[in-house]
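One structure is given below, encoded as structure tokens.
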Ligand SMILES: C[C@](O)(CO)[C@H](O)COP(=O)(O)OP(=O)(O)OC[C@H]1O[C@@H](n2ccc(N)nc2=O)[C@H](O)[C@@H]1O
Ligand SMILES: Nc1ncnc2c1ncn2[C@@H]1O[C@H](COP(=O)(O)OP(=O)(O)OP(=O)(O)O)[C@@H](O)[C@H]1O
């Protein structure tokens, strides 16, 4: 049997860090939402019990380091599954970009294998397992829009944001999330208004939502990679209503509502950046098949 699963990318509309925890992780408070840029994962059963990863992208590991591999391994162990799986990853989300590509592949693999291996687990159970793989995986199991707290794995669903275009621009660098958190000086950050962002979204107020975007990790990545600031400035100049770096970066996103403005920004940034996309917010949660 074969199964196709979509693994959408996320952006962080607001990202605050409260303090460093004793386990080495940081306590976060962030608003995340899924966007219409997705990897496609094809799962097919293997009778020999092995997990085999296929991908055409040279930056995607094809062994235990792959988060989709870890997802399959975890399910196999916890649910005592003898079967194996071929995992074909059609990579559309840029790698190490701050868009949770690997985490979403892991989440999609959990959802897909739950169906392929007929395990009968709920999304909540899959999200709990996902947290063992990475902090962003729990959110990616559900998708949609949520307030994420803890180290990112405590999820409270909120309304879908008002619809708009999201223009993504990624410079030709990858960023290590661990390095960015390590270089963050928590005591010096100016905290974004996460509650303001949630209220704006719940009220369906696009202008207010644009006003409240903020990410404490931005300053850290900007210091390491000044080209991210150039992209931010370009996006603002071309007329985006809000501009922010997603997650630990380096991808910058801009929000706009009008098609004409979206085209202007998209065309203005192409050629200037490694990768540019114009996609819609998805906002709605994923349901089990
Ligand atoms: C930047 C974000 O993508 C925003 O959504 C997430 O906070 C990071 O999520 P992620 O990539 O799934 O992170 P993980 O794979 O769990 O952790 C990678 C590394 O980032 C650091 N890390 C991550 C999450 C967190 N709340 N505090 C941390 O300090 C830790 O050093 C960890 O070793
Ligand atoms: N399925 C996968 N797809 C992409 N990268 C993966 C995958 N599995 C493991 N990796 C490894 O994870 C690293 C980070 O890649 P990923 O694209 O998930 O970063 P990211 O978008 O910045 O994540 P996040 O936003 O959750 O911090 C890559 O350099 C790669 O070595």
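Rule-based calculations on the coordinates, nothing more; no lab input. Model, not experiment: these values are computed from the prediction. Methodologically, a virtual Cβ is constructed for each residue, glycine included, from the backbone with ideal geometry; neighbour enumeration extends over all protein chains shown.
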Under the rule of -39500 (n - 2.57) per DSSP H run of 4 or more residues, summed and divided by the residues of the chain, what mean residue ellipticity at 222 nm is obtained, to the nearest 500 deg cm²/dmol?
-9000 deg cm²/dmol
Per 0.36 nm of contour for each residue apart, how much would the distance between residue 73 and residue 118 grow if the chain were fully extended, relative to their Cα-Cα spacing?
14.6 nm
Region 2-157 shape via C-alpha gyration tensor axes, a/c threshold 1.5:
prolate
Taking only Cα atoms and a 10 Å spring cutoff, compute GNM fluctuations for the chain and point out the largest among 203, 68, 100.
203
Expressed in nanometres to one decimal, the distance between label points 7 Å along Cα→Cβ at residue 237 and residue 125 is 5.5 nm
At R0 = 41 Å the Cβ-Cβ FRET efficiency linking residue 50 and residue 172, nearest 0.05, sits at 0.70
Quick one: Cα centre-to-centre distance for region 176-195 and region 148-162, in angstrom?
18 Å
For the chain, find the longest principal axis of its Cα atoms and tell me its angle to the long axis of helix 259-269, 0 to 90°, nearest 10.
90 degrees
Run through every distinct alpha carbon pair of region 183-259 and return the Kirkwood hydrodynamic radius in angstroms, one decimal place.
13.3 Å
In nm, to one decimal, how far is the residue 219 label point from the residue 182 one, both placed 7 Å along Cα→Cβ?
2.1 nm
Could you work out how far helix 227-237 tilts from the main Cα principal axis of the chain, as a 0 to 90 degree angle to the nearest 10?
60 degrees
Under a plain spin-label model, where a point goes 7 Å from the Cα along Cα-to-Cβ, how far apart in nm are residue 40 and residue 20?
4.4 nm
Nearest 10 degrees, 0 to 90: what angle lies between the long axis of helix 101-116 and the longest principal axis of the chain (Cα atoms)?
40 degrees
Between region 1-60 and region 225-289, how many Å separate their Cα centres?
20 Å
Three-way shape label, the chain, alpha-carbon gyration tensor, a/c 1.5
prolate
